[in-house]
Amino acid sequence: MLRFALLSGILLSSAAVAEIRDERFSIADILSSPFPTEIVAAQGTPALAFVLNDEGERNIWYASGPDFEARQITAFRGDDGIAVSGLEFTPDGEHIVFVRGGAANAAGELPNPASLPMGGELAIYVVATAGGEAAKLDDGAEPAIHPSGDRIAYTKQGAVWSVALDEGQSEATKLFGARGGIGDLAWSPDGDAILFRSDRGTHSYIGVWHSGDDDGRIEWLAPTTDRDVSPTWSPDGEHVAFIRLPSRADDQFPFEPDREDLPWSIHVADPDTGESAEIWKADEGRGSVHRRIEGGTQLFWAADDRLVFAWEKNGWNQLYSVPADGGEVRHLSPGEFEIEYVALTQDRRDLVYASNQDDIDRRHLWRVGAKGGRQKRLTPGDGIEWAPAPLVDGSIALLRSDATAPARASLLDSGGRIRDLAPETMPATFPRKLVTPVAVEITATDGMRIPAQLFMPEGLEPGEKVPAAIFLHGGSRRQMLLGWHMRGYYHNAYSLSQYFASRGIIALALNYRSGIGYGMEFREALDYGATGNSEFRDVLGAGIFLEHHPNVSPDKITVWGGSYGGYLTAHALAQASELFAAGVDIHGVHDWNDGIRIFVPGYNKNNFPEESALADRSSPFHFIDGWRSPVLLIHGDDDRNVFFSQTTRLARKLRERDVHVEQLVFPDEVHGFLLHENWVKAYEATAEFLIRHMGE
């Protein structure tokens, strides 16, 4: 396919923009840009690698210094729905180990959305950075490369195995097994032990397997009834640090505001004896509940034996550090903003991270010392930058996007200059004329001010009335941004808002309460979700905002969303059909007490009589007799996040009430569609359905 570079409009003159003002594009066109799913740096060698999903074809690209000319080094073909992830360089930088495929569902079935006759795959591969065919090492996941670089450890069939990287030279060997789900494998620096986590449902342990003459031995690090997570080795291998989370309370109901709890803590243990000491503990009150860092590692062992972690002490998830033997805690990133995608520099002295500091609806890269000091902004401007991977030469690999240019892999050199690594991958069919959304605030029906982004079509005249489409993100722990999103799911959703604007339709993306990006109290909103559905007040407020907008036809307001956004779409149509003319509900939850079971398999509503009754009243099914507006239901029947029965039950209930229902079902597809073909079909159907019911 002929391709050319298109970067944020920099190849377009003002005259060219004028010539294409009336250009229209298809759903396939706006979804055609390759999406980078991860980027990693080699240790000790100026090299990097990233994965590009090019219309469903997923491959690894590699670049090395000093020129960093990126080239594709794997040759997987076709939109087969088989993911490529978990990239890790060997110590010499000459090979990359990775995983191909996805985890099994509760029935033990691997993802297979293409309905391949031989089934899906979950396997570990290795490929030489110099080129050549990728070789399958074994079935399995979570590979960890031995410090020597000659073999890996990995999980398979509930145990930890090892195989040589020199394919064909040895057979896989089982190292050890343990009860529970095994994960977070990491070799000790000397290569004689493996650190791991054992998840046992109500609790979890950190273990160390020590190699020996026979089967070796497992040392459990101060096991308790709590949940121990995020283990990390000290650089010298003499100690292990981990985070301890209190076990869940018997009366703790899922999907309710979680603002305070028994405080979480950080522990340092001796991997040989299992003896452990608590070196830091969160204060009671705000910040006592652990908030994970979006996008990666949770605990870092930095230079000078300082442990770096995230804490919500001030209501915002930010970086702190503490000596590994305890002592004074230092706040590394003070202010009202969130940090995400944190990485240590290769000398372990600094942290590079993405945050929305000074730019609440975007992400930029910042740098700060592990001991503290001034925060330095690395990527100014109107773009969005994330997933930093510091290289040994001082440059930083990253992913970025902006309002009019989709996500791409880039390199920030030590002089502060940034360039894209594979601009030739942008297809010629990708649209050149796009709108720049603007940040707005809407007023919820209870008076709360809620952020949103508005996509206004080009050339609207004052007073000209056009239809509108509201997008509701999933999660609900998500935030839509003023540009293409970091997650592939919402990268695609942003594309559809752009498509609506190109068709003369006003699009609005709503960042309703219980989402991220605006602090703990916004995220842990009172009465949200199964405890009262307070976020629906924001959806109603968005509808009313558009109803009174001078450019909106008040009888042509539609709504669409997926997952949690599908749940809120169902609420909008069930509770306010007079306001919302039509909707598209993509794999939404419609019954909280059923939906909770997929995340808490042992959940029994009878154990929570008052809470489960409120959950019923917070569900779309409770309001279904008020549903009048037509709806399109979209769902894959191997969804691991939302039971497919949520949609089958809704379709039945609506047909019984003579509501107009259309369906698009994808056999064998999962929650975040793995086939590019299915994204195109889903969004073509969404656009066609909504536009048809707008009377266009």
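Those residues that are at pLDDT below 95 and not aliphatic (A, V, I, L, M), I need them from the range 293-313; list them, please. Those that are at pLDDT below 95 and not aliphatic (A, V, I, L, M): Glu294, Gly295, Gly296, Thr297. Tallying residues that are charged (D, E, K, R) and within 19 Å of Asn105 (Cα to Cα) within the range 639-696 yields 4.
Answer with yes or no whether Pro257 is within 30 Å of Glu312 (Cα to Cα), at pLDDT below 95 and of a type outside the set (Gly, Ala, Ser). Considered against the rule, which asks whether it is within 30 Å of Glu312 (Cα to Cα), at pLDDT below 95 and of a type outside the set (Gly, Ala, Ser), Pro257 comes out as yes.
Of Ile279, Ile266, all but one fail to be among the hydrophobic types (A, V, I, L, M, F, W, C) and either crowded, with 18+ Cβ neighbours inside 10 Å or free of Cβ contacts under 8 Å to residues at least 12 places away in the same chain (or both); the exception is Ile266. When you scan the range 208-223, do you find a residue that is under 30 Å from Gln252 (Cα atoms), in contact with a Lys or Arg (Cβ under 6 Å, 6 or more places away or on another chain) and touching a residue at least 12 places away in the same chain (Cβ under 8 Å), even just one? No, the range 208-223 contains no residue that is under 30 Å from Gln252 (Cα atoms), in contact with a Lys or Arg (Cβ under 6 Å, 6 or more places away or on another chain) and touching a residue at least 12 places away in the same chain (Cβ under 8 Å). The set of residues from the range 187-206 being surrounded by fewer than 18 Cβ atoms within 10 Å (Cβ to Cβ) and under 20 Å from Gly237 (Cβ atoms) comprises Pro189, Asp190, Gly191, Asp192.
Count, please, the residues in the range 25-81 that happen to be of a type in the set (A, V, I, L, M), part of a strand (DSSP E or B) and in contact with a Gly (Cβ under 6 Å, 6 or more places away or on another chain).
Kept after step one, since they are of a type in the set (A, V, I, L, M), are these residues of the range 25-81: 27-28, 30-31, 39-42, 47-49, 51-52, 60, 63, 70, 73, 75.
Filter once more, so that each one left must be part of a strand (DSSP E or B): 39-41, 47-49, 51-52, 60, 63.
Imposing the further condition that a residue be in contact with a Gly (Cβ under 6 Å, 6 or more places away or on another chain) reduces the set to 47.
Matching residues across the range 25-81 total 1.
Suppose we filter the range 376-419 for residues that are among the basic types (Lys, Arg) and crowded, with 21+ Cβ neighbours inside 10 Å; how many remain?
Quick first cut of the range 376-419, residues among the basic types (Lys, Arg) only: 376-377, 400, 408, 417, 419.
Then drop every residue that is not crowded, with 21+ Cβ neighbours inside 10 Å, which leaves 400, 408.
Adding up the residues that qualify gives 2.
Among Thr129, Thr173, which is closer than 27 Å to Ala41 by Cα and among the polar types (S, T, N, Q)? Only one candidate qualifies: Thr129.
Are there helices (runs of 4 or more DSSP H) fully within the range 458-557 with at least 1 residues that are closer than 30 Å to Leu399 by Cα and either modelled with pLDDT of 95 or more or in contact with a Gly (Cβ under 6 Å, 6 or more places away or on another chain) (or both)? List them.
On the way: elements: 488-502, 520-523, 536-547.
By residue number, 488-502, 520-523.
Listed by first and then second residue, the pairs linking a residue in the range 442-459 that is basic (Lys, Arg) to a residue that is surrounded by fewer than 21 Cβ atoms within 10 Å (Cβ to Cβ) and modelled with pLDDT of 95 or more, with Cβ atoms under 6 Å apart and 6 or more places separating them unless they lie on different chains, are Arg449/Glu441.
Within the range 651-667, residues that are more than 17 Å from Gly626 (Cβ to Cβ) reach partners that are among the β-branched types (Val, Ile, Thr) with beta carbons closer than 7 Å, at six or more positions or on different chains, in the pairs Ala651/Val661; Leu664/Ile634.
The values are calculated or read from the model by the stated rules, or taken from the named source; none is laboratory data. Only a predicted model underlies this, so the values are computations on that prediction, with no experimental measurement involved. A quick note on method: Cβ atoms are made from the backbone with ideal geometry, for glycine too, and the neighbour counts reach across all protein chains shown.
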